[in-house]
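The block underneath contains the structure these notes are about, expressed in structure tokens.
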């Protein structure tokens, strides 16, 4: 055996300094160098990973053993669930935040993310299990300012938004799903589609298809500034939003307009709001009570 | 992702397939170096993965690789004696393969290739597998150690031994 040099170290390129110098001068070095070069350019026969994988799957047509044992695992799981269920029941309760028509609510999640809930909107989440179940259900519209490094999912009936340390607005009303990202990035999923929304962009989805992708004009959703911003909205959409903002009823059954509305309407002054809408659609409005307005043709 | 993998385990087909793709080729090559027959190497490699799939519930992902190698090694015990390992040379041009080299040089080079191939056949099984996993599959000593469930020192000893035997064999033939 030749033990003068640590050949493993040399092959790995870890031999340095005087040791390497001495080795390079030794008579056996030339052959070792050749061995290194030639063995480094050798190749094994081609391995067909895909074909081989298909063979494995074919040969393993038996179900994995775990599936056969499932009944046992289920039984154990069921026993645990039943015995501990009562203990966890109170911790597992869902917290609901609800903003009535004409009202806005600000609250924090357990991770200190802030949420502003717009009028006539609801958020449900599990306070106690927030760490393991970062999920909330939204009906209506809300603005989220997510604490740095935190992540959670906002589920709505029309789609899902996944977030990482960001500020964004989600609106899910009737068939209208709108997401606007004010900071960071959010992932929006609806139907079987997925899109990534970057800072300063918004997307509108109607009946499962994207109807608009637009840059944002403001740094906060307009409703936070006591305004509602509409982009190409129908009269029905405009009125239903105004109704939920002010908590009033607007009678407009006699009006049939296909005209689209783009613009802003205040949320703190019903007269201005109705005047703007009236002018755009050539309508007059009559307040019959505090809670009811009737729209008529000019 | 690592967390999810740990929880979901090898019984999830996505994870199994992912695991297959990252380990099958090396296992096949290891078996090839070990006993020389490509067909058998492919066969035992697949068999080891089938066994892993069948036992997925009992094998945590962290133990899956050593499970594979254990199954493969046991299978090898029943196999016939070692055959010649057939290896190819990469077509990539090495500095010594320029066309302006003299015919004598090219001839010498071919002879050297033959010698080194023969010398590799004559290595002990443990030296050959460690040496070729490093030279052909580019595995680090620490990776080989983890694969074979031996210490890094032991791998280094095998590599050293392999180099010494190769040189002796090549120079004796001269």
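What follows draws every value from the coordinates through simple rules; no lab data is involved. The model shown is predicted, which means the values in this text are computed figures rather than measured ones. Backbone-built Cβ (ideal geometry, glycine too); neighbour counts: all protein chains shown.
Here are the numbers for this structure:
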read-out: Rounded to 5, the percent of DSSP beta bridges in chain A classed as antiparallel; value: 90
read-out: Kirkwood hydrodynamic radius of chain A, Cα pairs, Å; value: 25.1
read-out: Two-decimal Rg to Rh for the range B:135-174 - Kirkwood Rh, Cα set; value: 1.11
read-out: Fewest-first sequence of A:252, A:282 by Cβ atoms within 10 Å of each Cβ; value: A:282, A:252
read-out: Crossing angle, helix A:49-59 versus chain A [Cα axis fit, 0-90 degrees, rounded to tens]; value: 80
read-out: Whole-angstrom Cα spans of the range B:95-173 along principal axes, big to small; value: 46, 26, 15
read-out: The range B:2-77: C-alpha pair distances exceeding 19 Å, %; value: 31
read-out: Three-way shape label, the range A:171-298, alpha-carbon gyration tensor, a/c 1.5; value: prolate
read-out: Residue mean of other protein chain beta carbons inside 10 Å, B:161-167; value: 6
read-out: Cα gyration tensor shape for the range A:87-150, rounded if a/c is under 1.5, else prolate or oblate; value: oblate
read-out: The range A:226-297: antiparallel DSSP beta bridges as a percent of all, rounded to 5; value: 80
read-out: Shielding by other protein chains, A:49-57, mean Cβ within 10 Å; value: 6
read-out: Estimated FRET transfer efficiency (residue B:152, residue B:43; beta-carbon r; R0 41 Å; 0.05); value: 0.85
read-out: Proportion of all alpha-carbon pairs of the range A:226-297 beyond 19 Å (%); value: 22
read-out: Degrees between helix A:270-281 axis and first principal axis of chain A (Cα, 0 to 90, nearest 10); value: 90
read-out: Protection-proxy order for peptides B:119-131, A:42-54, each taking the mean of Cβ atoms within 10 Å per residue, highest first; value: B:119-131, A:42-54
read-out: Rg and Dmax [Cα atoms of the range A:207-260; Å; Rg one decimal, Dmax integer]; value: 13.2, 38
read-out: The range A:1-60, Rg to Rh (Cα coordinates; Rh as Kirkwood inverse mean 1/r); value: 1.33
read-out: Ascending count of other beta-carbon atoms within 10 Å, so fewest first, for B:147, A:214; value: A:214, B:147
read-out: Intensity falloff of the range A:99-222 expressed as log10 I(q)/I(0), Debye formula with alpha-carbon point scatterers, at q = 0.18, 0.21, 0.22, 0.23 Å⁻¹; value: -0.92, -1.27, -1.40, -1.52
read-out: 0 to 90° range, to nearest 10: angle between helix A:70-89 axis and chain A longest Cα axis; value: 50
